[in-house]
1. What size of dipole, in debye to the nearest 20, comes out for the protein assembly as shown about its Cα centre when the only charges are +1 on Lys and Arg C-beta atoms and -1 on Asp and Glu C-beta atoms?
2. Grab the eigenvalues of the alpha-carbon gyration tensor for region B:272-364, scale each by 5, take roots, and send me the semi-axes largest first in whole angstrom.
3. If you fit an axis through the alpha-carbon atoms of helix B:145-156 and take the longest principal axis of the Cα set of chain B, what angle between them do you get, 0 to 90°, nearest 10?
4. If the cut-off is 22 Å between C-alpha atoms, which lysines fall inside it for residue A:171, apart from same-chain ones fewer than 8 positions away?
5. Counting only C-alpha contacts under 8 Å and six or more residues apart, can you give the relative contact order of region B:251-328 as a whole percent?
6. How large is the direction-averaged shadow of the alpha-carbon convex hull of region B:3-156, in nm²?
7. With a cut-off of 8 Å between alpha carbons and a minimum separation of six or more residues, what is the relative contact order of chain B in percent?
8. Assign unit charges at the C-beta atoms only (+1 for Lys and Arg, -1 for Asp and Glu), then state the dipole size of region B:3-156 relative to its Cα centre in Debye, rounded to the nearest 20.
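Values in this text are rule-based calculations from the coordinates and carry no lab data. Computed from a predicted structure; not experimentally measured. Don't worry about glycine lacking a Cβ; one is built from the backbone with ideal geometry, like all the others, and counts go over all protein chains shown.
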Protein chains: 2
Amino acid sequence: MDERVREHAAILVDWSARVEAGDDVVVSVGPDAHQLAVAVAEKLGERGATLLTTYDSGELRRAYLHAHDGEFEESGHERALLEAADVYLSLGGGRNRSATADVPDERRRDHRRANRAVREARYDTRWISTVHPTRALAQAANMATEEYREFAYGAILRDWEAMAEEMARMKRLLDAGSELRLVSAGTDLRASIEGRSAVNSAASVAYDSHNLPSGEVFTAPAAADGEVTFDVPMTLRGRPVRDVRLTVEDGEVVDFEAAEGEDVIAGILDTDAGARRIGEFGIGMNRGIDRYTDNVLFDEKMGDTVHLAVGRAYDACLPDGESGNESAVHVDMILDVSEASRLEVDGEVVQRNGRFRWEEGFDG
Amino acid sequence: MDERVREHAAILVDWSARVEAGDDVVVSVGPDAHQLAVAVAEKLGERGATLLTTYDSGELRRAYLHAHDGEFEESGHERALLEAADVYLSLGGGRNRSATADVPDERRRDHRRANRAVREARYDTRWISTVHPTRALAQAANMATEEYREFAYGAILRDWEAMAEEMARMKRLLDAGSELRLVSAGTDLRASIEGRSAVNSAASVAYDSHNLPSGEVFTAPAAADGEVTFDVPMTLRGRPVRDVRLTVEDGEVVDFEAAEGEDVIAGILDTDAGARRIGEFGIGMNRGIDRYTDNVLFDEKMGDTVHLAVGRAYDACLPDGESGNESAVHVDMILDVSEASRLEVDGEVVQRNGRFRWEEGFDG
């Protein structure tokens, strides 16, 4: 076995999910994530945790959803499983990223709605999402398979403790600040962050972080006003989307346009009342991610980028007692800030042209 | 998709497990059983059942068991899942039948022991074991992959209703009888079946039958005496075993020999106190299975064969209030009865040289 697979498993089990002896662990395995699953099983055995593996196949889900009449009942047994689980590790790795492309959105939504309590039970575990670098993901990134593996492990096999320390600097700045201002090509946005807590997303449940790789600091703005242009391309709902420009007033998107995929954005914003609100403001800080690969798990953490999400806000960012923006969607969109850009906290520049204020080459 | 895969799924879901709307179904998927899993998911969607898929990989199990220190705890989350499940469908399909060959028996046993309640919860569902015809199974049978598929579907895609009717004849004979006598080359065995109920194993939970394919009628003898020689070869615990000869007194094996694998038999008989008792007497009645493929799921149902098992007896065969032979093992061994053989119930021949008394060519 490629030694990097074992290292990935070790980071996932020990750093990310903090697995201990006696933990009841669910591992969700994509059809092409077998190798990583074997390495994770080995690590869980070493730790003395228990292990139940589930099989996560888009082809299977498609067949089920297509055949169903749409009157879904809750999967009571899955809920019982997750309510009894301590840890949930999702090892993504399909064989075709578009395996469910022809399932109607409504069917998908109805199934999600019936299984809301199942999802909540999963979020109540120490859950982590990661991916095994598969051929399908390499293809989506327009990369050779081995080239993609190098890229993915470059993002995943980090010194997370050192990254957490660096990201803590940004978190402290955001926690102390009242207003963010982002200026870049086609972008001038102000966001109120008074009373908000930023999440130091260091790829570990110990940091309220649930992705591996991670490497971002994010918060949930109380309000936002201005214009923002997202120049990092992406695939949303199976369709290419490029150069989305949002006009935001009082935290809500009041106008939008896009060079490509404008109707996809329209569909997302029309999902529900919360879908037009800015749910997240995030700063990518993982310099192991040096290029766009059309996979939000990686893209939103890319160094020299900032992202906003419309839709649901994360509770971890909110003051006690305040509930976040409710929405069925949470869609991240990304802009490159490596040139002609600056990020200010209360009028002080904290990042210019991608460089943070504590970094060499920062030109305040 | 090969239409036979869909037919297999339909028999499994409708005939075997009797799945209905609202059933919470667990589907266990082997790494190479993906195609069958997709067909089963489609069928479960049609029926309006819920679906949770687990991943059953020998390589994964090996990695876990090897790494563990052996002090196992129960998988509480798996138990919760199975206690909440109505149906459990196991779709076997590994990539290497010997994937766990180097895991010490003791490690395996300790893990099984810690998860006894998990297993019981599974047996309390409407459970069915089947296999997808994989390359690994074809190889074990010394057959080309497509040749093996034809063989497997010949065994699985039967008119189970008609088979159940035919097998009911044998069940009636056994239920009414007091003593079985089996005579063949190297075999003369008498077994008391007074008060026992035979199982008409018609590949459906409606018949107390949990295998697909099935096609056997079996009972749990109260006692047995004589000699029996098993001339169908098999692999047991990863080792070839040939021409096992048992001497049975009062239901217990008192002497044994084998042309090959004698020490494997010795190990099985020494497992525990119940391992030396005859737990099952079964009659293979699936004429779709016309050859030995070194897979007990198929072999023991082969037409023109009879089998005995040492170890655990099935409760369904026993009078109310009587508990069966307790043992951690249940090992079937098979003899060919197509020539120079007869099976008698209370002195009356019911099968001679493979022909049943109701069949053409039967020579009473």
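1. The calculation lands at about 600 debye.
2. Calculated on Cα positions only, the semi-axes equal 26, 17, 11 Å.
3. Tilt of helix B:145-156: around 70 degrees.
4. Residue A:171 reaches A:301.
5. 30
6. Its Cα hull, projected and averaged over all orientations, spans 9.2 nm².
7. Reported relative contact order: 13 percent.
8. Dipole of region B:3-156, to the nearest 20 debye: 300 debye.
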